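A.B. asks: Please find one structure pasted underneath; my questions will follow.
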Amino acid sequence: MPQLLDLTLVLDIGKSNAKLLLLDAAGVVQESHARANASVQSALGYSALDLQGLQQWMMASLRASPLAARCGHVIACTHGAALVALGDDGLAWDPLDYEFAGVRLPGQAGSAYDAACDPFAATLAPSLPAGLNAARQLHYMQSQHPQAWRKTRVLLPYAQYWAFLLSGVACSEVSSLGCHTQLWQPARADYSELAHTRGWAQLFAPLRSAWEVLGKVTPQAAAHWGLPAACEVHVGVHDSNACLARYFDRQTQAGESALTLVSSGTWTVLMAPGASAQALEPARDMLGNVDVLGRTTPTARFMGGREFAALLQGADPAAASLEGLQQLAQRQIFALPSFAPQGGPFAARAGRLLALGADASTPAEPALSATERASLAACYCAQLTAWLHSCLWRGSAPVQARVVVEGPLAHSALFLQLLQALLPDSLCQASADTLEGTARGAWLLAHWDEPRPGSALRSAPRAALDGLPAYHQAWLAQVLAEPAD
């Protein structure tokens with residue numbers, strides 16, 4: 001009797017959390033595993049991705065799973081700004097964590113990188129903090145750890161490392177290479193001049209499409225991971241682009257011309273496939289992502305998950321309410337960015353609470369109840385999302401724009417109400433899928449040529465809050481009045 005291979009394994013590796021998901025042919029999760037994801041200290045002294053910890057966890061989870069033997073497909077979706085270097089025998093060096101600040105070298109070494117970097121017009125990748133430009137990670141290793149660098153034989157984006165680990169086939173993929181790396185020129189569909197000049201382009205494994213099958217799992221992987229020998233390994237994808245791919249029409253492979261996708265998690269990423277790249281402001285961490293088909297996608301983002309948590313200060317996010325926000329509006333209390341140091345339009349600023357009402361005479365931070373904190377966190381994220389949406393579409397405002405929210409923010413009722421109120425000319429919707437968009441998109445890519453179900457969406461009600469437009473305008477005036485970054 002033929003072995004039943006009706007499940008797809010999705011490796012969903014985010015910056016803060018990692019998940020293993022086993023989905024059936026209808027896309028329903030049959031089994032899931034999750035763990036926190038954090039960096040580790042490398043032997044060379046820098047913060048590195050926890051490849052070994054993740055791998056051991058994955059293998060142990062799947063070997064103990066009664067369903068792993070039914071996996072016919074496996075695909076990885078991972079956060080961006082992560083590269084893996086292979087040597088003659090395994091890793092050439094531990095892959096850097098993009099939050100490692102030491103990647104930005106001082107003095108001549110740092111200046112040399114900046115001088116050699118392609119202009120923004122070529123890569124559509126702004127200069128970002130720490131190692132968020134993956135090319136800067138390569139420059140760091142090449143200049144600071146030359147002995148380790150000389151071991152490098154092949155470079156892989158992060159998602160494709162997991163595909164290599166399972167299939168033994170090394171490849172690269174365009175959505176990962178085009179994710180603010182400064183390694184890729186979207187208009188030319190080629191590596192940047194910097195990548196060619198430094199010899200990095202020649203080291204990257206051949207390009208393959210995210211949905212392609214590289215082959216079956218190796219016998220070693222099958223034994224260690226508890227997967228069947230016939231399981232097919234797909235190339236894999238950058239996580240936000242996996243989320244976006246689910247909104248492409250299967251027949252035309254085109255997206256909506258007036259869509260803004262808000263993919264939330266550690267990062268809140270706004271992707272507007274129909275907007276003009278001419279509106280991008282590199283100083284505001286606006287960039288051109290590259291979708292799974294190689295097309296430029298105007299993008300804006302901020303570290304929404306981290307900022308949301310910082311504003312909560314332990315409060316229950318479910319405590320957010322219109323009443324709580326009404327109290328904030330009456331007291332004229334605002335959250336001014338930024339509450340996370342990596343990326344976003346105001347990354348160089350220190351976040352703070354500002355009271356312009358009765359609390360204004362008190363120099364200390366205004367005291368807030370748990371309800372007010374939760375309401376402020378939702379409001380701040382909605383305000384920043386609405387403003388970035390407007391920035392992306394500046395000069396080419398779409399008619400009947402649609403804004404679709406995926407991830408944790410899709411479950412925040414107050415966030416959705418406020419976003420719809422702040423974008424009255426747009427239709428704001430939230431994913432009603434029980435599975436997050438990154439994992440759903442990855443699952444769809446593993447079945448790219450098959451009929452797919454439509455996305456389950458629910459419309460957001462508009463917040464009925466007296467004075468919201470005035471409160472938002474006062475917030476925006478304060479934000480834009482701050483000194484330039």
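A.B. asks: Of the residues in segment 340-354, how many are buried (at least 17 other Cβ atoms within 10 Å of the Cβ) and assigned to a loop (DSSP other than H, G, I, E, B)?
C.D. replies: So the count comes out to 9.
A.B. asks: Another question, if that's okay. Contact list please: Cβ distance under 9 Å, first residue in segment 172-193 and within 13 Å of residue 208 (Cα to Cα), second residue part of a loop (DSSP other than H, G, I, E, B) and hydroxyl-bearing (Ser, Thr, Tyr), pairs at least six apart or on different chains.
C.D. replies: Between residues of segment 172-193 that are within 13 Å of residue 208 (Cα to Cα) and residues that are part of a loop (DSSP other than H, G, I, E, B) and hydroxyl-bearing (Ser, Thr, Tyr), the close pairs are 173/209; 174/209.
A.B. asks: Pick from segment 199-216 the residues that are of a type outside the set (Val, Ile, Thr) and not in a loop (DSSP other than H, G, I, E, B): which of them is farthest from residue 115 (Cα to Cα)?
C.D. replies: For segment 199-216, the residue satisfying everything is 216.
A.B. asks: Then there's this: Which residues, taken from segment 255-277, are assigned to a loop (DSSP other than H, G, I, E, B) and either modelled with pLDDT of 90 or more or in contact with a Leu (Cβ under 9 Å, 6 or more places away or on another chain) (or both)? Reasoning before the result, please.
C.D. replies: In the first step, residues of segment 255-277 are kept if they are assigned to a loop (DSSP other than H, G, I, E, B); the result is 255-258, 264-267, 272-276.
Listed by number, the residues that qualify are 255, 264, 265, 266, 267, 272, 273, 274, 275, 276.
A.B. asks: Further question on the same structure: Going by the conditions given, is residue 209 assigned by TED's automatic domain parsing to the domain that holds residue 117 and either modelled with pLDDT under 95 or over 27 Å from residue 342 (Cα atoms) (or both)?
C.D. replies: Values: assigned by TED's automatic domain parsing to the domain that holds residue 117: yes; either modelled with pLDDT under 95 or over 27 Å from residue 342 (Cα atoms) (or both): yes.
Taking the combined requirement at face value, the residue satisfies it.
A.B. asks: Please go through segment 442-485 and pick out each residue that is surrounded by 12 or more Cβ atoms within 10 Å (Cβ to Cβ), assigned to a helix (DSSP H, G or I) and either within 26 Å of the chain's Cα centre (by Cα) or among the aliphatic types (A, V, I, L, M) (or both).
C.D. replies: Once the filter is applied, which keeps residues that are surrounded by 12 or more Cβ atoms within 10 Å (Cβ to Cβ), assigned to a helix (DSSP H, G or I) and either within 26 Å of the chain's Cα centre (by Cα) or among the aliphatic types (A, V, I, L, M) (or both), segment 442-485 yields 442, 443, 444, 445, 468, 474, 476, 479.
A.B. asks: Something else now. Tell me the residue from 273, 282 that is touching an Asp or Glu at 6+ places or on another chain (Cβ under 8 Å) and either within 27 Å of residue 179 (Cα to Cα) or surrounded by fewer than 23 Cβ atoms within 10 Å (Cβ to Cβ) (or both), please. Show your work before the answer.
C.D. replies: Details: 282 fails: touching an Asp or Glu at 6+ places or on another chain (Cβ under 8 Å).
The conditions single out 273.
A.B. asks: Looking only at segment 284-298, count every residue that is in contact with a Cys (Cβ under 9 Å, 6 or more places away or on another chain) and either part of a strand (DSSP E or B) or over 21 Å from residue 406 (Cβ atoms) (or both) and tell me the total. If you could, list the steps in order and put the result at the bottom.
C.D. replies: Of all residues in segment 284-298, those in contact with a Cys (Cβ under 9 Å, 6 or more places away or on another chain) come to 284, 286-287, 289-290.
Still in the list and also either part of a strand (DSSP E or B) or over 21 Å from residue 406 (Cβ atoms) (or both): 284, 287, 289-290.
The total comes to 4.
A.B. asks: Something else: Tell me, which helices (runs of 4 or more DSSP H) lie completely within segment 122-198 with 3 or more residues that are surrounded by 23 or more Cβ atoms within 10 Å (Cβ to Cβ) and within 17 Å of the chain's Cα centre (by Cα)?
C.D. replies: On the way: elements: 134-144, 146-149, 158-167, 174-177, 193-197.
Hits in segment 122-198: 158-167, 174-177.
A.B. asks: Any chance you could count how many residues in segment 348-378 are modelled with pLDDT of 85 or more and not charged (D, E, K, R)? Break it down stepwise before answering.
C.D. replies: Of all residues in segment 348-378, those modelled with pLDDT of 85 or more come to 349-356, 366-378.
Applying the additional criterion that residues be not charged (D, E, K, R) yields 350-351, 353-356, 366-371, 374-378.
Adding up the residues that qualify gives 17.
A.B. asks: Cβ-Cβ below 7 Å, separation at least six or inter-chain, first residue in segment 402-418 and on the phi > 0 side of the Ramachandran plot, second charged (D, E, K, R): which pairs?
C.D. replies: The qualifying pairs are 407/436.
A.B. asks: Pick from 68, 81, 76: which is at pLDDT 95 or above, at positive phi, in contact with a Gly (Cβ under 7 Å, 6 or more places away or on another chain) and not aromatic (Phe, Trp, Tyr)?
C.D. replies: Values: 68 fails: at positive phi; 76 fails: at positive phi.
One residue alone meets the criteria, 81.
A.B. asks: Output the residues belonging to segment 450-465 that are over 23 Å from residue 409 (Cα atoms) and touching a residue at least 24 places away in the same chain (Cβ under 8 Å). Lay out the reasoning, then the answer.
C.D. replies: We begin by selecting, within segment 450-465, every residue over 23 Å from residue 409 (Cα atoms); these are 450-452.
Listed by number, the residues that qualify are 451, 452.
A.B. asks: Condition first: in contact with a Phe, Trp or Tyr (Cβ under 9 Å, 6 or more places away or on another chain) and charged (D, E, K, R). Can you find one or more residues in segment 129-136 that meet it?
C.D. replies: The answer is yes; a qualifying residue exists.
A.B. asks: Looking at the structure I just gave you, is residue 310 of a type outside the set (Lys, Arg), surrounded by fewer than 17 Cβ atoms within 10 Å (Cβ to Cβ), modelled with pLDDT under 95 and not in a strand (DSSP E or B)? Before the answer, list the steps.
C.D. replies: Numbers: of a type outside the set (Lys, Arg): yes; surrounded by fewer than 17 Cβ atoms within 10 Å (Cβ to Cβ): yes; modelled with pLDDT under 95: no; not in a strand (DSSP E or B): yes.
So residue 310 fails the test.
A.B. asks: So, in segment 80-98, exactly how many residues are surrounded by fewer than 24 Cβ atoms within 10 Å (Cβ to Cβ), of a type outside the set (Gly, Ala, Ser) and either free of Cβ contacts under 8 Å to residues at least 24 places away in the same chain or farther than 11 Å from residue 48 by Cβ (or both)?
C.D. replies: 3
A.B. asks: Scan segment 394-429 for residues that are surrounded by 20 or more Cβ atoms within 10 Å (Cβ to Cβ), over 18 Å from residue 464 (Cβ atoms) and among the hydrophobic types (A, V, I, L, M, F, W, C) and report the count.
C.D. replies: Matching residues across segment 394-429 total 6.
A.B. asks: Return a yes/no flag: does segment 59-75 have any residue that is in a helix (DSSP H, G or I) and among the polar types (S, T, N, Q).
C.D. replies: The initial filter retains those residues of segment 59-75 that are in a helix (DSSP H, G or I), namely 59-63, 68-70.
Still in the list and also among the polar types (S, T, N, Q): 61.
Yes: segment 59-75 contains one or more residues that are in a helix (DSSP H, G or I) and among the polar types (S, T, N, Q).
A.B. asks: Taking only segment 29-48 into account, find how many residues are closer than 15 Å to residue 83 by Cβ and of a type in the set (Gly, Ala, Ser).
C.D. replies: Qualifying residue count for the region: 4.
A.B. asks: Taking the conditions exactly as written (within 16 Å of residue 161 (Cα to Cα) and out of contact with any helix residue (DSSP H, G or I) (no Cβ under 9 Å at 6 or more places or on another chain)), does residue 88 satisfy them or not? Full working, then the answer.
C.D. replies: Details: within 16 Å of residue 161 (Cα to Cα): yes; out of contact with any helix residue (DSSP H, G or I) (no Cβ under 9 Å at 6 or more places or on another chain): yes.
Yes.
A.B. asks: Turning to a different aspect of this structure: Quick one: count up the residues across segment 417-437 that are touching a helix residue (DSSP H, G or I) at 6+ places or on another chain (Cβ under 7 Å), part of a loop (DSSP other than H, G, I, E, B) and of a type in the set (A, V, I, L, M, F, W, C).
C.D. replies: Narrowing segment 417-437 to residues touching a helix residue (DSSP H, G or I) at 6+ places or on another chain (Cβ under 7 Å): 418-419, 421-423, 428, 430-431, 433, 437.
When the remaining residues are screened for being part of a loop (DSSP other than H, G, I, E, B), the result is 423, 433.
From what is left, the residues that are of a type in the set (A, V, I, L, M, F, W, C) are 423.
Result for segment 417-437: 1.
A.B. asks: Continuing with this model, one more query. Do you know which residues across segment 180-198 are closer than 19 Å to residue 115 by Cβ and of a type in the set (Gly, Ala, Ser)? Give the steps one after another, and end with the answer.
C.D. replies: We begin by selecting, within segment 180-198, every residue closer than 19 Å to residue 115 by Cβ; these are 181-183, 185, 191-198.
Listed by number, the residues that qualify are 192, 195.
A.B. asks: Separate question: Could you go through segment 216-234 and let me know if any residue there is of a type in the set (Lys, Arg) and modelled with pLDDT of 95 or more.
C.D. replies: Of all residues in segment 216-234, those of a type in the set (Lys, Arg) come to 216.
Restricting the remaining residues to those that are modelled with pLDDT of 95 or more gives 216.
Yes, the conditions are met somewhere in segment 216-234.
A.B. asks: Under 8 Å between Cβ atoms, at least 6 apart or on separate chains: pull out the pairs that start in segment 55-67 with a residue that is among the aliphatic types (A, V, I, L, M) and end on any residue that is in a loop (DSSP other than H, G, I, E, B).
C.D. replies: What qualifies is 59/226; 62/226; 62/227; 64/226.
A.B. asks: If you don't mind, there's one more thing I want to ask. Any idea how many residues of segment 388-416 are farther than 17 Å from residue 298 by Cβ, at pLDDT 90 or above and either in contact with a strand residue (DSSP E or B) (Cβ under 8 Å, 6 or more places away or on another chain) or not in a loop (DSSP other than H, G, I, E, B) (or both)? Steps first, answer last, please.
C.D. replies: Taking segment 388-416 as the starting set, the residues that turn out to be farther than 17 Å from residue 298 by Cβ are 399-400, 405-416.
This time we only want the ones that are at pLDDT 90 or above, so: 405-416.
Within this subset, residues satisfying the condition of being either in contact with a strand residue (DSSP E or B) (Cβ under 8 Å, 6 or more places away or on another chain) or not in a loop (DSSP other than H, G, I, E, B) (or both) are 405-411, 413-416.
The qualifying residues number 11.
The values are calculated or read from the model by the stated rules, or taken from the named source; none is laboratory data. Keep in mind the model is a prediction, meaning the values are calculated, not measured. Every residue, glycine as well, gets a Cβ built from its backbone with ideal geometry; the counts of neighbours run over all protein chains shown.
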